[in-house]
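Asks: Before I ask anything, let me first share the structure, which is written out below as structure tokens.
Readers should treat all values here as calculations from the given coordinates under stated rules, not as data from a laboratory. For clarity, every value in this text was computed on a predicted model and none was experimentally measured. Here Cβ is always computed from backbone atoms with ideal geometry, including for glycine, and neighbour counts include all displayed protein chains.
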Amino acid sequence: MAYLDKHDDERVLEQAGVRVTAVRLLVWREVRRAFHDTFSLADLEDTLPTVDRSTLFRTLVSLTDAHLLHEIDDGSGAQKYCVCHHDDTRHCLGHVHLTCVRCHRTFCLKDVTIPNVPLPEGFAPEETEYVVKGICSRCNKE
Ligand SMILES: [Zn+2]
Ligand SMILES: [Zn+2]
Ligand SMILES: [Zn+2]
């Protein structure tokens, strides 16, 4: 079973056009294991302390370029990322995010796709961000 899983991860990277390396495979597995919602480079450094920061950053850029990760600017000042769970990652324009202005956590609404905005002719969209800012339920109870 473990063998099949390993194979699947490599295949996902290859199909997205990512050259498979040990560190890319490690990061790809880690982001799906460790994070349910969005994460920052600093969060990834905490869970993978043996890999240096610049390698982690470059790996995140490769996975984002390959459309396996979404990038979110939630206004916190730290770039956030999340895993794209869309079947066709290349044509996924992303999902809605909720960001808490108190604890600065950003949650994925994976099932809520970003509404289709009519764009002027000649404008080719590459990505769309839709971030709802507010107070999360945990902070609301305090
Ligand atoms: Zn997506
Ligand atoms: Zn909060
Ligand atoms: Zn997300």
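Asks: Rank by packing, highest mean first: peptides 92-98, 44-50, 21-27, with packing defined as the count of other Cβ atoms within 10 Å averaged across residues.
Replies: On the way: 92-98: 18.9, 44-50: 13.1, 21-27: 15.9.
So the order, starting with the most tightly packed, is 92-98, 21-27, 44-50.
Asks: May I ask for the Rg/Rh ratio of the stretch 2-141, computed from Cα atoms with Rh as the Kirkwood radius, given to two decimals? Working shown, then result.
Replies: Working: Rg = 15.9 Å, Rh = 16.2 Å.
Result: Rg/Rh = 0.98.
Asks: Around Ser137, with a cut-off of 15 angstrom between Cβ atoms, what is the net charge of the other residues, counting Lys and Arg +1 and Asp and Glu -1? Numbers along the way, then the final one.
Replies: Numbers: positive: Arg102, Arg105, Lys133, Arg138, Lys141; negative: Asp37, Glu142.
Neighbour charge sum, excluding Ser137 itself: +3.
Asks: Here's something else I'd like to know. Using a Förster radius of 25 Å, what is the FRET efficiency between Glu45 and His7 based on their Cβ-Cβ separation? Nearest 0.05, please. Walk me through the intermediate numbers first.
Replies: On the way: r = 28 Å, r/R0 = 1.13.
For Glu45 and His7, the calculated efficiency is 0.35.
Asks: Using a cut-off of 13 Å between alpha-carbon atoms, which aspartates and glutamates can reach Lys133, once sequence neighbours fewer than 8 places away in the same chain are excluded?
Replies: Straight-distance partners of Lys133: Asp73, Asp74.
Asks: For a quick check: with amide H placed at 1.01 Å from N, whose amide H comes under 5 Å from Val112's, ignoring anything fewer than 5 positions away on the same chain?
Replies: Those lying under 5 Å, H to H, from Val112 are Val96.
Asks: Next up: Choose one of His85, Leu98, Ser137: the residue whose Cα lies farthest towards the positive end of the charge dipole of the stretch 84-142 (beta-carbon charges +1 Lys, Arg; -1 Asp, Glu; about the Cα centre).
Replies: The residue sitting farthest along the positive end of the dipole is Ser137.
Asks: While we're looking at this one, here's another question. Calculate, for Phe123 and Val101, the FRET efficiency according to 1/(1 + (r/R0)^6) with r their C-beta to C-beta distance and R0 35 Å; round to the nearest 0.05. Intermediate values should be presented prior to the final figure.
Replies: Details: r = 31 Å, r/R0 = 0.87.
My answer for the efficiency is 0.70.
Asks: Moving to a separate point now. Please give the peptides 59-67, 112-120 ranked by average Cβ packing (other Cβ atoms within 10 Å per residue), highest first, as a rough proxy for protection. All intermediate terms of the calculation are to be shown ahead of the outcome.
Replies: On the way: 59-67: 18.4, 112-120: 9.9.
In decreasing order of mean packing, 59-67, 112-120 become 59-67, 112-120.
Asks: Taking 8 Å as the Cα distance limit and 6 or more residues as the minimum spacing, I'd like the relative contact order of the stretch 2-141 as a percentage. Write out the running numbers ahead of the final one.
Replies: Details: 164 pairs, mean separation 26.0, N = 140.
Relative contact order for the stretch 2-141 comes out at 19 percent.
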